[in-house]
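Following: one structure in structure tokens, then a few remarks.
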Amino acid sequence: MAHHHETDSGRVPGVLVGIDGSAGSERAFTVGLMIAKQRQWPLRLVGTFVRPVVTDDYYVRQLDRYRSEAAGTVQEILDRYFARAAEAGVEVSSRTAEGDPGGTLIDESREARVAVVGKRGRNRFAGRFLGSVSNKLVAHAHCPTLVVPERWEAGAPSELMAPQQERPGGEGADEEPVELMEESVSREHSRRSFANVTDELNFDSEIVVGVDVGDRAADVVHLAADAATLTKSPLTLVSAAPLNAQGHWYPNTVEHNLELPNLRRRYTDHLEAMTQEVAAKSPTVAVRWQFFDGSPAGVLSEASRTATLLVIGTRGHGGFAGLLLGSVSQAVLSRAVCPVLVIPTHKPRKH
């Protein structure tokens, strides 16, 4: 049994938003509506409820009633958002479906240009955190996915503080060591100052893209440049690798110091090549690069404290290696405090 509310059956790909009535889905709707208006794309709203597992005869008899009431409640929520989108002049369709929220959104992403979900909302009928849904979606989506976290309020201008991020090991865990090793050019735009952020990790007003050395890196970088063009934001390409000698690389200090420039050259050469590509393809975007000594997840998570948007791929090679949803992507998604745009970079399976 599935319930649908459609404007038409032959949809034009647009913005897909997961709706569950939580504060997270409210944020996702707001961002999704903004993208749809700016790009003049249609908006697709999807809400789900899960059929409970019942064995008792009494609950079996009540199942149809539950499904009807659950579908009606989800549809009421969608109708409110539907009306807001229509009032804003955006073409909109909606769907109420019975099933797994993550799986439903993955199927819907086949016909979307971008999917937008909130982080850590709770779905009354799914009985799960939307965070698990967002993780499943970004790992398997057929389109880029924008994950919108909780909002944060800035402090007084004289004591501006960036929001803290979750760290491995829980609250109070030591900060990961991060050091800027090389950059292309200095920033030209003005930034706000934060009392709890170093200048090297202050990406205020910027879009930051994590750059892999793999062959799919260009896909991620150019989509980040498109976002920078749309929002008129500066773009910074960031790579990171742990270059310390403790436990991994060159325990001989002399040999380690001699090899450091060569170890990071593959990253900086790639960053420079990607920067030149962006400058040629998107000449209105102010673009630069930075390379850090540190873990990729740690550097990008720190960048999320001040950046306008963080752009990453689902998997990569070298400094950004992982599974289908790589270890770096997973860590960044769980810790980031700014919106994160995740670009599918896994290669399609061979048949």
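Here are some notes:
- Taking first residues from the range 209-237 that are without any contact (Cβ under 8 Å) to a residue 60 or more places away in the chain and open to solvent by less than 60 Å² (accessible area, probe 1.4 Å) and partners that are assigned to a helix (DSSP H, G or I) and of a type in the set (Ser, Thr, Tyr), the Cβ contacts under 7 Å between residues at least 6 apart in sequence or on separate chains come to Leu237/Thr275.
- For Val54, the stated conditions do not hold, so it cannot be described as more than 20 Å from Leu309 (Cβ to Cβ), part of a helix (DSSP H, G or I), of a type in the set (A, V, I, L, M) and modelled with pLDDT under 80.
- Criterion violated by His140 - all others in (1) open to solvent by 50 Å² or more (accessible area, probe 1.4 Å); (2) touching an Asp or Glu at 6+ places or on another chain (Cβ under 9 Å); (3) modelled with pLDDT of 70 or more satisfied: (2)
- Any hit, the range 279-291, residues being part of a helix (DSSP H, G or I) and either within 21 Å of the chain's Cα centre (by Cα) or crowded, with 24+ Cβ neighbours inside 10 Å (or both): no
Every residue, every condition in (1) modelled with pLDDT under 90; (2) closer than 18 Å to Val337 by Cβ, yes or no:
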site: Met181; (1), (2): no, no
site: Ser184; (1), (2): no, no
site: Arg187; (1), (2): no, no
site: Val197; (1), (2): no, yes
site: Ile207; (1), (2): no, yes
site: Gly214; (1), (2): yes, no
site: Ala217; (1), (2): yes, no
site: Leu235; (1), (2): no, no
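- Whichever residue in the range 261-278 is open to solvent by 10 Å² or more (accessible area, probe 1.4 Å) and hydroxyl-bearing (Ser, Thr, Tyr) and, among such residues, is farthest from Ala225 (Cα to Cα): Tyr267
- Residue identified as assigned to a loop (DSSP other than H, G, I, E, B), modelled with pLDDT of 90 or more and not β-branched (Val, Ile, Thr) among Arg151, Arg167, Arg192: Arg192
- Within the range 135-148, being in a loop (DSSP other than H, G, I, E, B) and over 9 Å from the mean Cα position of the chain (by Cα) holds for Ala141, His142, Cys143.
- Cβ-Cβ under 7 Å pairs, at least 6 apart or on other chains, the range 293-307 side charged (D, E, K, R), far side in a helix (DSSP H, G or I): Glu302/Leu201
The values are calculated or read from the model by the stated rules, or taken from the named source; none is laboratory data. Computed from a prediction, not measured in an experiment: that's the story for all the values here. Glycine gets a Cβ as well: all are built from the backbone with ideal geometry, and neighbour counts include every protein chain shown. Keep in mind that these areas ignore ligands, DNA and RNA; they rest on the heavy atoms of the full protein, side chains included. Shrake-Rupley method; radii C 1.70, N 1.55, O 1.52, S 1.80 Å.
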